[in-house]
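First up is the structure itself, then whatever we jot down about it.
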Amino acid sequence: MTEPTSRAVPAEADQSRSAAARGTAVRGVLVGARIMSGLVTVGVMVAAVGGAALVPLPTLGGAVRSALIEPEAVDTTRVCAGPVLRLGADDGTDATRANSIGEADLRFAASGGSPVRGSLDSTDSMTGVTPYRVDLPPASDEQLILAASQSQSIASGGLIGFAATECSTASSDSWIVAGSTETGRTTLLTLSNPASVQSIVSLELYTEGGRVSATGLDGIVVPVGGQRIVSIAGWAPDAESIVVRVRSSGGAIVAHLQQSVTRVLTPGGVDIAAPGVAPALRAVIPGFVVDSHTAIEDIGLGGDFHDLASIVRLLAPGDADAQATLTVRPTPGTVKPVIEEGEERVPETIVVPIELKAGIVTDLPFDQLLDGSYTITIDSTVPVVAAARSSTVSSGEGVRLDSQEGPNAGASGAIDFAWFTTAPPLATTALVSVAPGPGAMLHLVNTSVNPARVTVHASTGASPVEEVSAGGSLAVPMTAGGSYMLTGFETLHVSVSYAGDGELAGFAVTGPLPLAAAVRVYH
């Protein structure tokens, strides 16, 4: 087993590196001809003599020639979201332009070869700090796996919170389930183009009111090596629930969505969401972390604090309504019984039948879940997209949340929140890069009918074998800043979560893109 090659990268400016992805386009033409000739047979009958003549058919043809064309191997590239963003400069000017704060910490690893850190060439951010990119040259004899993630703790520029996300591979079609544009909520979409050709992006935007029809959603130009930053509020102001689809022609795009919250003048957290799985009949969210449920109950969910509640966000983007079943199952060993009002509450599996109206974003509250981690599964009659959000409150006397009057009087402590996205099924092998952060946990969900014995190969230290029952889940503590190769399983959904005092984040783990198949050309 080849141990992953890993890199730890400090948050500092960097010379950008452009890696052009090359492709091979082929066309095959099958030319065949068949010529048939007819033969007229004349029979002459004479009283005493009969005769017959048989003439063979002439044929034309020969062996069809062909060649197997192997596509040219290209670099594997992952692009990060970049630093945390806010609208406006420090002096309050340029309120409609994005301004980055600080820099993110980057970690990356590869199953072989030598990955190279770089940066995009340009960004809309006024600071000019571009996102990281990581490029891995191809190998001639194997498919290499590249993993990368970033994290950032922020307590400046009017924002407080912790954000972590996987650096993604480019796609021509992606879905992000996250965000709000209500008062005090800022939602920014970043579009990064690591390709060697310009990209033209079209957006589909859905809210609780249905699909948004607005000018400017089509024809967004993202230059080669560039990052565009757009505010969702320009198309959907005062929207509580957002889902965005990003499609591109030309260069494929890496999309992320950043949300930040400010309640009056008090920061309420920040998060960066990556794309989840495309619409499917089954959606799996591993490692959904619930934290500080007692503190949140004490604050209350009224008024400007309504979005502290844990929710599952769902959308059936097609033309048909969905009949779905949502299952919330505790991860063994992570949720402990508690005594509330003299009675013991124990963790339990929740199963909820739901109906989703086509094109309408729906938020389902789950504010009674005990602290711990959960697996959320949605089974639907039509394809759906999904994500889940939860919040945390620090235990110390941190930031004052409200005045001494009103329903939330006396609440104190820093607040953060996180979006947990759907994770794709990974087969046989997975590579995980864990950016720095508090309480890092690896979540493994086995949806197959067979138990899994997963070997967790650590870049440093012991490499334990973990048992994940059929249909079960497992949470494994991780060393932040490390990398891990997972082997020995059939199918797993994998994610990473972080939970600390007033800090919460998580991201799904994605695998490599499938290799391009060879093409046979006939001539």
(request) Name the single residue, out of those in the range 216-229 being among the β-branched types (Val, Ile, Thr) and in contact (Cβ under 8 Å) with a residue 60 or more places away in the chain, that is surrounded by the most Cβ atoms within 10 Å (Cβ to Cβ). (result) ILE229
(request) Kindly indicate which of THR381, THR377 is hydroxyl-bearing (Ser, Thr, Tyr), surrounded by fewer than 18 Cβ atoms within 10 Å (Cβ to Cβ), modelled with pLDDT of 95 or more and not in a loop (DSSP other than H, G, I, E, B). (result) THR381
(request) Out of the residues in the range 181-214 that are assigned to a strand (DSSP E or B) and either among the hydrophobic types (A, V, I, L, M, F, W, C) or at pLDDT below 95 (or both), state the one that is farthest from PRO237 (Cα to Cα). (result) ILE200
(request) Could you grab me the full set of residues in the range 111-143 that are under 20 Å from the mean Cα position of the chain (by Cα) and either surrounded by fewer than 24 Cβ atoms within 10 Å (Cβ to Cβ) or farther than 18 Å from VAL79 by Cβ (or both)? (result) ASP135
(request) Could you please find all residues in the range 451-474 being of a type in the set (Gly, Ala, Ser) and not in a strand (DSSP E or B)? (result) SER459, GLY461, ALA462, SER463, SER469, ALA470, GLY471, GLY472
(message) If I ask for residues that are of a type in the set (A, V, I, L, M, F, W, C), within 21 Å of THR331 (Cα to Cα) and surrounded by fewer than 16 Cβ atoms within 10 Å (Cβ to Cβ), which ones from the range 459-475 would you list?
(response) VAL465, ALA470
(message) So for the range 157-168 (the condition being within 27 Å of GLY511 (Cα to Cα), in contact (Cβ under 8 Å) with a residue 12 or more places away in the chain, in a strand (DSSP E or B) and hydroxyl-bearing (Ser, Thr, Tyr)), does at least one residue qualify?
(response) yes
(request) Might you check whether a residue that is modelled with pLDDT of 95 or more, surrounded by 22 or more Cβ atoms within 10 Å (Cβ to Cβ), over 20 Å from the mean Cα position of the chain (by Cα) and in a strand (DSSP E or B) occurs anywhere in the range 241-262? (result) yes
(message) For the range 344-370, which positions are in contact with a Ser or Thr (Cβ under 8 Å, 6 or more places away or on another chain), modelled with pLDDT of 95 or more and surrounded by 14 or more Cβ atoms within 10 Å (Cβ to Cβ)?
(response) ILE350, ILE354, LEU356, VAL361, THR362, ASP363
(request) Kindly list the number of the only condition in (1) β-branched (Val, Ile, Thr); (2) modelled with pLDDT of 95 or more; (3) over 18 Å from ARG389 (Cα atoms) that fails for ILE311. (result) (3)
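The values are calculated or read from the model by the stated rules, or taken from the named source; none is laboratory data. Predicted model, so just to flag it, every value in this text is computed and none were measured. Glycine gets a Cβ as well: all are built from the backbone with ideal geometry, and neighbour counts include every protein chain shown.
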